[in-house]
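This report concerns only the one structure given below.
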Amino acid sequence: MNESSRPTFTYLGHSALRCDLPSGEVMLVDPWVSNPSCPEELREPGRIDAILITHGHFDHITDTVELAQRHKPRMVVANPEVCHWLGGKGVENLREMNTGGEIDVLGCRVTMTWAQHSSGIVDGDQMIYGGHPGGYVVELPGGFTFYHVGDTDVFSDLQLIGELHRPDLVFLPIGDNYTMGPRRAALACKLLQTPRVVPIHWGTFPILTGTPESFSTELHRLGVECEVIVLQPGEVY
Ligand code: NI
Ligand code: MN
């Protein structure tokens, strides 16, 4: 399962993920490190080489400007609309892309995928158009492939993404209300045919009612054989 090239993942709570690559470089996805469940000592990453943003909602994009200014990552990747907004805030080394595009980020093959969601950016009292929401498939040089699905409902194209990329590990939202909940997330796993899944976007707020337990129950009910790796905020895999 390409384990030798597997990054070390640190779940920073909500949708925020830190990936320490075998090269020693650090890639962050949706770095809202000030989210209420992120452990204090993990809010300062120490080093950032690349940031991937799935969409413009505050619970994904917040802290990006500040972190980028402090750590000067070589690449900040997002859709064109989010990049435009970040550029206006002074973020440098932006790399815009759109769904279906595959680019090189820190030696990894990164594909932007579709998500069935929305992407408005809150800026003062305005809600700015944030383009299409997305997710990222990241294939490491050694072949290990992970997929951060972003915020989305279940959609049938997950089957295509699974077929194309064969992700070894998937970070999947299960919290309900703003994204798929446990029942739909179980079907997403079936479509993706992934051997392992880490639930994300749950427990941050009371309104996110989906739990890893109910997700596991739904997987069992559907007969989907997929290992659920439950990471509490701050836990490393
Ligand atoms: Ni969202
Ligand atoms: Mn969200």
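Values quoted throughout were computed directly from the atomic coordinates according to the rules given, and no laboratory measurement underlies them. All values derive from a computational prediction rather than experimental measurement. Quick reminder, even Gly has a Cβ in these numbers, built from the backbone with ideal geometry, and neighbours come from all protein chains shown.
Each other residue within a Cβ distance under 10 Å of CYS108 adds +1 if Lys or Arg and -1 if Asp or Glu, for a net charge of -2.
Charged side chains reduced to their Cβ positions (Lys and Arg at +1, Asp and Glu at -1) give region 18-99 a dipole of some 220 debye around its Cα centre. Taking Lys and Arg as +1 and Asp and Glu as -1, the other residues whose beta-carbon sits under 15 Å from that of PRO182 total 0.
Shape class for the chain, computed from the alpha carbon gyration tensor (a ≥ b ≥ c): rounded, with a/c under 1.5.
Each Lys and Arg adds +1 at its Cβ and each Asp and Glu adds -1 at its Cβ; summed about the Cα centre, region 3-228 shows a dipole of about 220 debye.
Extension gain for LYS89-SER34 works out to 17.9 nm (0.36 nm per residue, less the C-alpha to C-alpha distance). Just add up the charged neighbours of LEU140: K/R +1, D/E -1, any other residue whose Cβ is under 10 Å from the Cβ of LEU140. Result for the neighbourhood of LEU140: 0. Distance between the 7 Å Cα→Cβ label points at ARG74 and ARG221: 4.6 nm.
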